[in-house]
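*Asks:* The structure's right below; bear with me while I get my questions together.
Any read-out appearing in this document is the output of simple, stated calculations on the displayed coordinates, not a laboratory observation. Everything quoted here is computed from the prediction, not taken from an experiment. Cβ coordinates were reconstructed from backbone atoms using ideal geometry, including for glycine residues, and neighbour counts include every protein chain displayed.
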Amino acid sequence: MRAVWALLAAPLVGAGDPTEASFEDVRTAEHADDVADYTLRANLDPVRHSVHGEGTIRWRNASSTSVRELWLHLYLNAFKNERSVYLREPVGGFRGTGTPAEWAAIDVKKLLLRASGSEAAADLWSGAELHRRGDDDETDVRVPLPRDVAPGQSITLDVEWDDKLPTILERTGFSGSFHFMGQWFPKIARLEGNGAWAHFPFHHLAEFYADFGTYDVTLDVPSSFAIGATGPLVESSIRGERRVERHVQADVHDFAWTAWDHFETQSEIIDGVEVSVLFPPGYGEDASRELATLRFGIPHYRALYGPYPYRLLTLVHPPEGAGEAGGMEYPTLITTGGPWYGPPFARLIELVTMHEFGHQYFYGLVATDEVTWPFLDEGLNSYAESEALGAWLGAGSAASISGFTLSDVAVQGVFGNLSEHDEPVAQSAFQFRTGADYSRLVYERTAAILETFRRVYGERAVSRALGSYTRRFRFGHPGPEDLFASFEAELGARPAATLRAALFEKGWVDYEVHGIFSKKSEAPGGIFDRAGKRETLTPKPAPEGGYEGWVLVTRRGTLTFPVDVELTLEDGTTQRIRWNGDEASRIPYAGKTALSAAVIDPDHTVLLDDDPTNNHAAAEPRPHSPRVMERVTYWAELLLSAFAP
């Protein structure tokens, strides 16, 4: 408990303006390499809560080897029955728990390989393997092909399917007449450059991974419904009692949409981006707060991580009862959330808006494998979120009321430390034992690690490392090694090795002041042989006066960060000494007055410190220094206030 309060009491440390970092030397791709293009049409029946879809998929083998199979993700089948991988996984402490009130399914009616040259069209669906032997899950489907598809060769598929939607669960489904469509169409898994398919069943804690392409999607809904979707609206018409809209977006790897007959709208041009918020009646203040967040967020992220390359961004604030659709990201479309009556001093609306917008970069543009390496997605994005909120709102980025402020960074430090010894951060989403560990380690711990690097090595260096990474690998599907290489280029080999250990090896650290000693300086006593003569000297005060002594500091754990050690003297003055934090060290002292106290890492730059309360000690029997007493008193007051009425 003491360590928790110490983290919450830690000051918000700044290290300069991150937007000062220059990226003129980093090449950034303007467009993605199109691999999977989808031209689809979807018809929504809001009474039966179903969607009929049909269209074509043009897929190109962008790998270095020929393939004779496709893998197709039918993720809506995660909610088909209790034998799906999603519902079999015993994961608690995270969203999407429980079974849907109404089951869901995606039923493919046609999957046809179009004729090519002298080869006739081929029915692929009749030979599809919906599940593996002994496993009833139907979210990851193998589709054999009648012939090889060579590197660089393209094929075209005709597809038709029906969706039965669940009650809102894991961002998709319906609540009343509100409908949100994620994971709603047959989607080809990503083929890696070496010819290996990155295919997965739909796991409870995992998200998505796919190739870039162009989505051309026509949506057909009742005329009274408003639509929000990936990509700009290029055609719109009312046909009898139906509204038909066509949305087209290149350079994306997914498409989601929503339709509801009660949406209200606020719109604004922000930094050249058309931003629209779709929200329920009575939620106008929330919509205004979301727009205000993006007024800061869009240009801030542009400066740090590169320009937002799309012309529009749509925010969807789900209505009450549809919270499971909130807090999610899709290309050019994000969902927020929260009740209209949420307290304004708590920055939950701002936090979720900034977080989901950040996913346009850490998921959308760099397109990492969210299933295998979720820390590259949620973790990096959680750091970006807290950095942006701190730059905008300061110490009260999580909450601010009556002089009390709480930062997003402090919250991440506290919760990230709760599971630091349980599991490594860098592992596949489905390997985490609990949703609580997944949340604390992937989101909070990763963010706290990067925030520690920012505080220790400087804002500019970390901004350069992360900004170069997002620019260099825009549309590039990077992995962990690409991130480490970027940090090594900017910070050096040793910090990069520390970053790897923190993420892959359950890295931890705990600093402690073991002792303080000082005394008046004395001429040395003892037996001395000088010029052939032996004499015995009695210690006596040194002619120049003053004091001498030492502070013993130690580090436990596997992580190493250089930190300051602040020495407080009896006259109230202080000195700072830089310690490499590598091993136990006796720091010498010499000065005009006696040592009173010492504090390791006085600005609390290392959020990962297991127990900040053992970072300080006072020389006995002298009283605590004013600075140490101030900190101890503050922590005590916080602890008491937690239990006081």
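*Asks:* Compare the Cα positions of Val221, Ala485, Thr558 along the charge dipole of the chain (+1 at Cβ of Lys, Arg; -1 at Cβ of Asp, Glu; about the Cα centre) and return the one farthest towards the positive end.
*Replies:* It is Thr558, whose Cα lies furthest towards the positive end.
*Asks:* For region 20-71, compute Rg over Rh where Rg is the Cα radius of gyration and Rh is the Kirkwood radius from the inverse mean 1/r over Cα pairs. Kindly include the intermediate steps, with their values, before the conclusion.
*Replies:* Numbers: Rg = 19.4 Å, Rh = 15.7 Å.
Rg divided by Rh gives 1.24.
*Asks:* Which of the aspartates and glutamates could a cross-linker bridge to Lys519, judged by Cα under 18 Å and excluding same-chain residues fewer than eight apart?
*Replies:* Within the straight-line cut-off, Lys519 pairs with Glu544, Glu548, Glu570, Asp571, Glu620.
*Asks:* What order, most packed first, do the peptides 595-607, 260-272 have when packing is the mean number of other Cβ atoms within 10 Å of each residue? Working shown, then result.
*Replies:* On the way: 595-607: 24.2, 260-272: 15.4.
Answer by packing, highest mean first, reads 595-607, 260-272.
*Asks:* May I pose another question? Could you give me the percent of Cα pairs per 10 Å distance bin for region 101-207, shortest bin first, beginning at zero and ending with the bin that holds the maximum distance?
*Replies:* Spelled out bin by bin, region 101-207 gives 11, 38, 34, 14, 3, 0 percent.
*Asks:* Can you give the net charge of the other residues whose Cβ lies under 12 Å from the Cβ of Leu233, counting K and R as +1 and D and E as -1? Working shown, then result.
*Replies:* Details: positive: Arg243, Arg246, Arg311; negative: Glu235, Glu245, Glu274.
With Lys, Arg at +1 and Asp, Glu at -1, the neighbours total 0.
*Asks:* Restricting everything to alpha-carbon atoms, can you work out Rg to Rh for region 43-147 with a Kirkwood hydrodynamic radius? Don't skip to the answer; put the middle values down first.
*Replies:* Values: Rg = 16.9 Å, Rh = 16.3 Å.
Answer for region 43-147: 1.03.
*Asks:* Would you mind calculating the gained length between Ala493 and Asp582 on full extension (0.36 nm times residue separation, minus the Cα-Cα distance), in nm to one decimal? Present the calculation step by step, with values, prior to reporting the outcome.
*Replies:* On the way: separation 89, 0.36 × 89 = 32.04 nm, distance 1.54 nm.
Stretched fully, the Ala493-Asp582 segment lengthens by 30.5 nm.
*Asks:* Can you pull the one-decimal nm distance between simple spin-label points at Ala120 and Asp571, each 7 Å off the Cα toward Cβ?
*Replies:* Roughly 10.0 nm, to one decimal.
*Asks:* Using alpha carbon centroids, what distance separates region 47-69 and region 278-294, in Å?
*Replies:* Answer, in whole Å: 36.
*Asks:* Between Glu320 and Asp603, what length in nm is gained on full extension when 0.36 nm per residue of separation is reduced by their alpha carbon distance? Could the numbers behind the result be given before it?
*Replies:* On the way: separation 283, 0.36 × 283 = 101.88 nm, distance 4.22 nm.
That works out to 97.7 nm of additional length.
*Asks:* Can you give the Kirkwood hydrodynamic radius for the chain, in Å, rounded to one decimal and based on Cα pairs?
*Replies:* Values: mean 1/r = 0.0367 Å⁻¹.
For the chain, inverting the mean 1/r across all distinct Cα pairs yields 27.3 Å.
*Asks:* Another one. Using DSSP to define loop residues, name the trypsin sites (Lys or Arg not before Pro) in region 551-609 whose beta-carbon has at most 14 other beta-carbon atoms within 10 Å. Don't skip to the end; give the middle numbers.
*Replies:* Details: sites: Arg555, Arg556, Arg576, Arg578, Arg586, Lys592; in loops: Lys592.
Answer by residue number: Lys592.
*Asks:* If I fit a long axis through the Cα atoms of helix 446-457 and take the longest principal axis of the Cα atoms of the chain, what angle between them do I get, 0 to 90°, rounded to 10?
*Replies:* 40
*Asks:* Taking the highest mean first, how do the peptides 428-434, 376-382 order by number of other beta carbon atoms within 10 angstrom per residue?
*Replies:* Working: 428-434: 18.6, 376-382: 25.7.
Averaged packing, sorted descending, gives the order 376-382, 428-434.
*Asks:* With Cβ to Cβ distances under 10 Å as the rule, what net charge do the other residues near Phe528 carry (K, R +1; D, E -1)?
*Replies:* On the way: positive: Arg530, Lys533, Arg534; negative: Asp529, Glu535.
Once all neighbours under 10 Å are counted, the net charge is +1.
*Asks:* Mind checking the log10 I(q)/I(0) for region 31-393 at q = 0.15 Å⁻¹? Debye, one equal scatterer per Cα, no solvent, two decimals.
*Replies:* For region 31-393 at q = 0.15 Å⁻¹, log10 I(q)/I(0) is -1.42.
*Asks:* Sticking with this structure for a sec: Can you give the FRET efficiency to the nearest 0.05 for Ile238 and Arg48, using r as the Cβ-Cβ distance and R₀ = 25 Å?
*Replies:* Values: r = 22 Å, r/R0 = 0.88.
Taking R0 as 25 Å, the efficiency between Ile238 and Arg48 is 0.70.
*Asks:* Then there's this: Using all Cα-Cα distances in region 66-120, what percent lands in each 5 angstrom bin from 0 up to the longest?
*Replies:* Going out from 0 Å in 5 Å bins, region 66-120 shows 4, 14, 18, 17, 12, 10, 8, 8, 5, 3, 1, 0 percent.
*Asks:* Which distance in nm do the two modelled labels at Thr536 and Thr39 give, with both placed 7 Å along the Cα-to-Cβ direction?
*Replies:* Rounded to a tenth, the inter-label distance reads 10.6 nm.
*Asks:* Could you give the length gained on full extension between Glu264 and Phe94, defined as 0.36 nm per residue of separation minus the Cα-Cα distance, in nm?
*Replies:* Numbers: separation 170, 0.36 × 170 = 61.20 nm, distance 2.99 nm.
Length gained, Glu264 through Phe94: 58.2 nm.
*Asks:* Treating the angle as unsigned and between 0 and 90°, give the value, to the nearest 10°, between the Cα long axis of helix 348-358 and the longest Cα principal axis of the chain.
*Replies:* 70
*Asks:* Taking the chain as the reference, fit the longest principal axis to its C-alpha atoms, fit the long axis of helix 626-643 to the helix C-alpha atoms, and give the angle between the two in degrees, 0 to 90, nearest 10.
*Replies:* Result, in degrees: 40.
*Asks:* Picking from Thr568, Ser50, Thr99, whose Cα lies most toward the positive end of the charge dipole for the chain (charges on Cβ: Lys, Arg +1; Asp, Glu -1)?
*Replies:* Of the candidates, Thr568 comes out farthest on the positive side.
*Asks:* A follow-up question, please. Within 9 Å, Cβ to Cβ, of Tyr511, how many net charges do the neighbouring residues add up to if Lys/Arg are +1 and Asp/Glu are -1? Don't skip to the answer; put the middle values down first.
*Replies:* Working: positive: Arg555, Arg556; negative: Asp510, Glu512, Asp601, Asp609, Asp610, Asp611.
Computed value for this residue: -4.
*Asks:* Leaving out same-chain residues fewer than 8 places away, which lysines sit with a Cα under 19 Å from that of Lys110?
*Replies:* Within the straight-line cut-off, Lys110 pairs with Lys164, Lys187.
*Asks:* Please rank Phe362, Phe23, Phe174, fewest neighbouring Cβ atoms within 10 Å first, as an exposure proxy.
*Replies:* Values: Phe362 27, Phe23 18, Phe174 23.
Exposure proxy ranking, most exposed first: Phe23, Phe174, Phe362.
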